[in-house]
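A short worksheet on the structure shown next.
Any read-out appearing in this document is the output of simple, stated calculations on the displayed coordinates, not a laboratory observation. None of the values given here were measured: they were computed from a predicted structure. Cβ: placed from backbone, ideal geometry, glycine included. Neighbour counts: every protein chain shown.
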Amino acid sequence: EPISINIDLHGNGSIDNTKLVNAVAKIFDLTPKGIIDSLDLLKPKYSKTSVYGHFGKEEFEWEKTDKVNTLKETYENGK
C-alpha cells in the first residue's frame, strides 16, 4: 500500500481534498502490482507513445474514464 497520496487541485477545487484522497485510496489499487495491472504495463504496446505523444489516445489505460462515476459516488457518500 502507498505510504501517502497527494492530490493537488492547484486551488481550482471546491471539494474537500482529504475526502477526495480517501475516495481515490478506496477505488484505485495503488500498490506496485495494482498500478502495473490497471495500466497494463507488462504489454509491449508503449512504443506507440513515442509517436504524436501519449495523450488523447483511447487505447491507453490512463485515458479511460470508466471509474469517474464510482469516484463521484464514493466521494459524495463518504464511503
Using a Cα distance threshold of under 23 Å, what count of lysine pairs results for region 17-77 when pairs must be 8 or more residues apart or interchain?
-> 21
Determine the calculated [θ] at 222 nm for the chain from helices alone, applying -39500 (n - 2.57) to every DSSP H run no shorter than 4 residues and normalising by the residue count; nearest 500 deg cm²/dmol.
-> -10000 deg cm²/dmol
Which whole-number percentage describes the relative contact order of the chain, with Cα contacts under 8 Å and a sequence gap of 6 or more?
-> 35 percent
Residue-span extension gain [Thr65 to Ser50] - 0.36 nm each, minus C-alpha spacing = 3.2 nm
Treating the angle as unsigned and between 0 and 90°, give the value, to the nearest 10°, between the Cα long axis of helix 17-27 and the longest Cα principal axis of the chain.
-> 50 degrees
Order the peptides 4-14, 25-35 from the highest to the lowest mean number of other Cβ atoms within 10 Å of their residues.
-> 25-35, 4-14
Of the candidate values [x] 26, 11, 10; [y] 40, 13, 6; [z] 26, 16, 12, the one computed for semi-axes √(5λ) of the Cα gyration tensor in Å from this structure is [z]
